[in-house]
Amino acid sequence: MRHLRVPNRDVESILSLLREREWLASGMRVFSQDDAESRLVPIDPGSPIALPAPFDKYEIEVHEGQPDNRIDSDWWNHLTNLLGPEVIAAHGEAWPSSHEFISDMMIVRIEDTLERFSAQIAEAKLLSHPHIRLVLNDEGVQGELRIRKLTPIGARVDGAIVTEAIPDSVMSTRVLVRESGKSIACDPSKAYFSTKLQSERLETLALARQLRELLGRPLRVCDPFCGVGPSLAILLSEPGLVGEVLASDLNPHAVELLMDNLRRWDGRGYPMGPAPISRIYEDRIIGVADAMKLQTNPEFIGRWDLLIVNLPHRTLDILHSLVPLIDRETPSMVRGRVIVPENEIEHANRSISRDLPDSLAGFPAPNLRVKRDYSSKLRLCSFQAWIAPRED
Ligand SMILES: C[S@@+](CC[C@H](N)C(=O)[O-])C[C@H]1O[C@@H](n2cnc3c(N)ncnc32)[C@H](O)[C@@H]1O
């Protein structure tokens, strides 16, 4: 999460200015780190990338956000009132204390052993978060399309909390999320989307800026696992950064939402449904496609400066099949994510270097950086590979 580093004397005034614009991250708190003179103020993910005056005089830092404990203690109080302290104590750490907000929905992960308390969990969450419409239990990401199985467990209907026979009128999971100054249409029960990847996307933006600087022209960006397009949202928000785009996904629902998003981000028409991949404009190749087959179309190969590979379970197996897409006339970059056992990270680094062309002189070889634990053994990592032009 982005934070503004604000000197202590300015914190109160900055807080009220951010609140006025709805740019203060809700549910997160201000904290200090390695410095008694200043505080880190959490910025709402929806606020623009480039903040205007007076915010622009403060440094922006990306840190893990710190939840506001008052809201947290509220939720524990409500849950304790509903179930009694003995039940709470009996299940210790198993209660779902964390959650993800996607617009006015909250997604929680309830352990199997606690499913019989889903209604009370939903009620306590809705009581402690008055802006939430729908609470969903996340039963995990499934299949090749990485779609979450989400079960509604509680909702707010005309101000009342309902945990049984939830009416269809409040069940829709299609929402607009604000991120980095753009609205992203998503539907997490039909297409992969995670708000937790914003910092990853901010890093991609910083790398894209470097590559643009190096090439001295707008980038041709290829995002063949684009989902609803959140990586493009942030790249397109920077004038002059991106020229041509190829954005595709195997999931037709994701592409339908992507078309909706591009209509808003680009301010021009796009097909209403999930059309197969085609050149829709001179600078936009969009649609449903299997990424592994893109290299069979001569129009798509040898074209792209920035290739985004976001299929972390399979990246190591498929990387070589995407290499033909890269423009080898000038320096280029592959930005990817990988899920790998901790003790195989070095092996994975060698596999990435082997499957990609040589690194650009003066830049380090691709090296996985651990972003978080995916399970007790697996780590979710990301990398960037700076690629040298082909030597004739
Ligand atoms: C982890 S999600 C990432 C989505 C998006 N890039 C994001 O950051 O939100 C992986 C995406 O790859 C898509 N996918 C899976 N296999 C694919 C394939 N063979 N070709 C194209 N897309 C594929 C899924 O539908 C899913 O949207």
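Values as computed for the structure displayed
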{"quantity": "GNM top mover of V255, V141, V242 - the chain, alpha-carbon springs below 10 Å", "calculated": "V141"}
{"quantity": "Integer Hz, Karplus 6.51/-1.76/1.60 couplings in order for region 153-158, x for Gly and Pro", "calculated": "10, x, 8, 9, 10, 6"}
{"quantity": "Residues with amide H under 5 Å from that of Y281, placed H, sequence gap 5 or more", "calculated": "none"}
{"quantity": "Mean residue ellipticity (222 nm) of the chain, computed from DSSP H runs ≥ 4 via -39,500 (n - 2.57), nearest 500", "calculated": "-8000 deg cm²/dmol"}
{"quantity": "Percent RCO, i.e. relative contact order, over the chain, from Cα pairs under 8 Å lying at least 6 residues apart", "calculated": "9 percent"}
{"quantity": "Local net charge near I184, Cβ-Cβ under 15 Å (Lys/Arg +1, Asp/Glu -1)", "calculated": "-3"}
{"quantity": "Tilt relative to the chain, helix 69-83 - C-alpha long axis, 0 to 90 degrees, to 10", "calculated": "50 degrees"}
{"quantity": "Spatial separation of Cα centroids for region 293-364 and region 1-60, in angstrom", "calculated": "36 Å"}
{"quantity": "Residues with amide H under 5 Å from that of I110, placed H, sequence gap 5 or more", "calculated": "D138"}
{"quantity": "Degrees separating the helix 11-20 axis from the principal Cα axis of the chain, which is the longest one", "calculated": "80 degrees"}
{"quantity": "Assigned charges on the beta-carbon of Lys, Arg, Asp, Glu; region 2-62 dipole about Cα centre (debye)", "calculated": "120 debye"}
{"quantity": "Whole-number Å³ per residue for the convex hull built on Cα positions in the chain", "calculated": "170 Å³"}
{"quantity": "For the chain, built as a Gaussian network whose Cα springs stay under 10 Å, the top-fluctuating residue of I234, I88, I147", "calculated": "I88"}
{"quantity": "Ranked order, Y270, Y192 - accessible area, probe 1.4 Å, largest first", "calculated": "Y192, Y270"}
{"quantity": "Amide H within-cut-off set for G154, under 5 Å, with H built and near neighbours excluded", "calculated": "V135"}
{"quantity": "Those lysines that a straight Cα-Cα span of less than 20 Å connects to K371, excepting residues fewer than 8 apart in one chain", "calculated": "K196"}
{"quantity": "DSSP beta bridge pairing in region 69-173, given as percent antiparallel to the nearest 5", "calculated": "75 percent"}
{"quantity": "Phi to ³J(HN,Hα) by Karplus 6.51 cos²θ - 1.76 cosθ + 1.60 over region 241-256, Hz, x for Gly, Pro", "calculated": "7, 10, x, 7, 10, 10, 10, 8, 7, 6, 8, x, 5, 4, 5, 4"}
{"quantity": "Listed residues S16, Q33, W95: farthest to the positive end of the dipole of the chain (Cβ charges)", "calculated": "S16"}
{"quantity": "J(HN,Hα) series, region 371-379, from Karplus relation 6.51 cos²θ - 1.76 cosθ + 1.60, nearest Hz, glycine and proline x", "calculated": "9, 6, 6, 9, 7, 5, 9, 8, 10"}
{"quantity": "Fraction of beta bridges assigned by DSSP in the chain that are antiparallel (%, nearest 5)", "calculated": "70 percent"}
{"quantity": "Cα point-scatterer Debye curve for region 175-306, base-10 log of I(q)/I(0) at q = 0.11, 0.12, 0.18, 0.20 Å⁻¹", "calculated": "-0.35, -0.42, -0.99, -1.23"}
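The values are calculated or read from the model by the stated rules, or taken from the named source; none is laboratory data. Remember, predicted model here, so these are calculated numbers, not experimental data. A quick note on method: Cβ atoms are made from the backbone with ideal geometry, for glycine too, and the neighbour counts reach across all protein chains shown. Side chains are part of the model used for accessible areas, which takes the heavy atoms of the whole protein and leaves out ligands, DNA and RNA. Shrake-Rupley method; radii C 1.70, N 1.55, O 1.52, S 1.80 Å.
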